[in-house]
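The values are calculated or read from the model by the stated rules, or taken from the named source; none is laboratory data. Just so it is clear, the structure is predicted and the values come from calculations on it, not from any experiment. Cβ: placed from backbone, ideal geometry, glycine included. Neighbour counts: every protein chain shown. With ligands, DNA and RNA removed, areas are computed over all heavy atoms of the protein, side chains included. Shrake-Rupley method; radii C 1.70, N 1.55, O 1.52, S 1.80 Å.
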Amino acid sequence: METRGGLMAMHVNQFSPRVARSTGLLSVLALAVLCWLAWHAHSLGVLPTVWALCVALAGAGVCVLCVAMWRTAQPVVLHALWCAALFLFGLNALLQGMSGERVHFHGNTTDRPTADTVWVTEGFNGEFERLQFLLPGHNRFVPQQTKLQALIDGSDRTPGTWFIVPRGVSEPPLPCETQHVCERVAVRWDIEQRLKPGQVHAGNVWRPSEWLWRQEWLMRVR
């Protein structure tokens with residue numbers, strides 16, 4: 001073990017300060033993006049305060065290490081390794097902090113479809129296994145846009161019909177809601193996986209709340 005440790009130390013010391021400093025700078029840039037996303041996620045309520053602080057502390061720690069690397073003439077490899085470790089910590093903190101909001105429907109947990117047909121939008125990523133996890137109970141998920149649109153606009157008023165609608169953060173209530181035909185039973189957050197053409201533009205690129213996150217509404221006809 002001592003020989004192996006000596007060999008690792010020898011190889012570590014072979015890295016040039018330029019490589020180590022580049023690693024530190026890349027970690028700073030990556031954590032700056034993570035902190036920016038964490039700030040917006042926290043403002044939306046998607047990221048709890050504790051996890052947002054963890055991301056911020058990781059970013060502050062990397063900045064301190066980078067300043068130390070540039071101010072010392074000694075080998076800075078360990079500083080670079082710590083920078084990379086803090087980046088991974090910040091990334092995991094961001095993902096872990098959003099996991100609860102992204103996975104579960106929030107609302108009355110006892111009011112869920114069971115062995116029912118749930119209408120979903122066409123091109124629902126084919127993730128029916130994910131839907132079975134989100135709404136367990138041997139439900140049948142049917143992607144049919146015509147039926148879903150009829151439920152959304154209130155023309156289909158079959159009582160007890162369940163459906164799921166992906167919505168943007170700032171989008172208004174569904175027409176069937178304003179007509180008091182359907183009700184929003186639960187809501188979950190998710191990261192937008194397929195951006196639409198024109199969804200991101202120069203006017204909102206710095207506002208990820210308008211294009212990075214979306215909601216999925218679990219609806220039921222009254």
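Distance between the modelled labels on residue 133 and residue 170, one decimal in nanometres: 3.2 nm (7 Å Cα→Cβ projection). Beta-bridge orientation, the chain: approximately 75 percent antiparallel, per DSSP, counting only bridges with both partners inside.
Give me the accessible area per residue for the chain, probe 1.4 Å, as a whole number in Å².
Values: 12850 Å² over 222 residues.
That works out to 58 Å² per residue.
Using the Cβ-Cβ distance between residue 199 and residue 92 with R0 = 30 Å, the FRET efficiency computed as 1/(1 + (r/R0)^6) comes to roughly 0.60.
Across region 76-212, Cα pairs under 8 Å and at least six residues apart give a relative contact order of 27 percent.
Helices of the chain meeting both criteria, an alpha-carbon length of 24 angstrom or more along the long axis and an average Kyte-Doolittle score not below 0.5, with helices taken as full DSSP H segments, are 17-44, 49-71, 77-103. Applying a 4.7 Å Cβ-Cβ cutoff to the chain, the cysteines left without a disulfide-compatible partner are 35, 54, 63, 66, 83. At full extension, residue 104 and residue 209 could sit 35.9 nm farther apart than now, given 0.36 nm per residue minus the alpha carbon distance. Only helices enter the 222 nm calculation for the chain: every DSSP H run of n ≥ 4 contributes -39,500 (n - 2.57), and dividing by all residues gives -16000 deg cm²/dmol, rounded to 500. Computed from the Kirkwood radius of its Cα pairs, the Stokes-Einstein diffusion coefficient for the chain at 4 °C and 1.567 mPa s stands at 63 µm²/s. Using a 1.4 Å probe on the protein chains only, how many percent of the accessible area of the chain belongs to carbon and sulfur? Answer for the chain: carbon and sulfur cover 63 percent of the accessible area.
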